[in-house]
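Beneath this line is the structure, given in structure tokens, with notes to follow.
The values are calculated or read from the model by the stated rules, or taken from the named source; none is laboratory data. Because the structure is predicted, anything quoted here is derived from the model rather than measured. Cβ coordinates were reconstructed from backbone atoms using ideal geometry, including for glycine residues, and neighbour counts include every protein chain displayed. The accessibility values were calculated without ligands, DNA or RNA, using every heavy atom of the protein model including side chains. Shrake-Rupley method; radii C 1.70, N 1.55, O 1.52, S 1.80 Å.
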Amino acid sequence: MKIIDLTLELYDGLVTNNDLPAIGIKDEPLEQKGKSDSLPKGCRSKLISFSDHSGTHVDVPSHYFENGESVENINLENMFGDALILDVSMLKATHEPVTKALLEEAERRQGVYVEKNDIVLIRTWGKSWGEEGFFEAQALDDSVAQWFIEKQIHIVGLDLPNADLNQDSESGIHQKLLNHDIYIVENLVNLEKLPKHSRFLFFGIPLKLKNATASPIRALSILDSQLI
């Protein structure tokens with residue numbers, strides 16, 4: 001079984017979206033809470049703070065819709081399953097959006113095609129996560145959202161911190177996809193390691209966070225799916 005980890009490593013001070021606070025991972029001073037006498041010698045603990053949209057995470061309907069599913073209620077069956085990657089990183093400039101036409105060109109080049117209930121990962125960025133220009137790179141345009149809605153996919157995932165175009169203050173892509181129960185996974189890494197010409201399994205299970213609008217996930221791809 002071959003597993004590829006698609007998850008961004010989190011550390012203290014990491015900023016994964018310029019609109020969100022940095023991640024905090026601090027030593028928890030247990031001795032200051034009167035706990036040290038009741039704990040084994042050498043016991044350590046960390047105090048962790050982060051936005052629910054930090055790191056590699058999944059956005060769910062409550063992100064934009066008051067009565068939409070929150071993380072603890074989402075359909076977990078949609079968070080794993082048959083997946084493919086469409087690589088448009090060499091077909092567009094950083095400042096250009098991902099379009100339906102680009103994704104269809106990637107399908108033709110790679111010989112894999114989006115089907116109903118798929119998990120679709122999109123490689124848009126040809127460099128390492130966070131390199132210069134990363135946070136300014138353009139993501140998905142409206143034609144992509146409509147295409148995925150028509151295809152009835154389960155998840156769209158990409159290697160950028162935001163599925164929307166940077167200038168879209170209304171977050172139209174998020175709203176359209178989430179309104180059709182298409183979950184959005186952002187900040188994926190290692191997409192260049194995935195096979196372009198064949199399918200694989202994807203797993204990305206969120207934390208069970210009550211009333212959360214998103215959750216960090218451990219995103220994994222399993223290439224030898226016949227062994228599962």
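Observations
- Subset of region 105-123 (residues that are in contact with a strand residue (DSSP E or B) (Cβ under 9 Å, 6 or more places away or on another chain) and part of a loop (DSSP other than H, G, I, E, B)): 112, 113, 114, 115, 117, 118
- Subset of region 71-90 [over 13 Å from residue 155 (Cβ atoms) and either modelled with pLDDT under 95 or open to solvent by 60 Å² or more (accessible area, probe 1.4 Å) (or both)]: 73, 90
- Restricting region 91-128 to residues that are open to solvent by 60 Å² or more (accessible area, probe 1.4 Å) and within 18 Å of the chain's Cα centre (by Cα), the residue that is farthest from residue 8 (Cα to Cα) is 117.
Residues checked against (1) closer than 21 Å to residue 222 by Cβ; (2) in contact with a helix residue (DSSP H, G or I) (Cβ under 6 Å, 6 or more places away or on another chain):
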{"position": "51", "(1), (2)": "no, no"}
{"position": "54", "(1), (2)": "no, no"}
{"position": "60", "(1), (2)": "no, yes"}
{"position": "75", "(1), (2)": "yes, no"}
{"position": "136", "(1), (2)": "no, no"}
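- Residue check, residue 187 within 16 Å of the chain's Cα centre (by Cα) and polar (S, T, N, Q): yes
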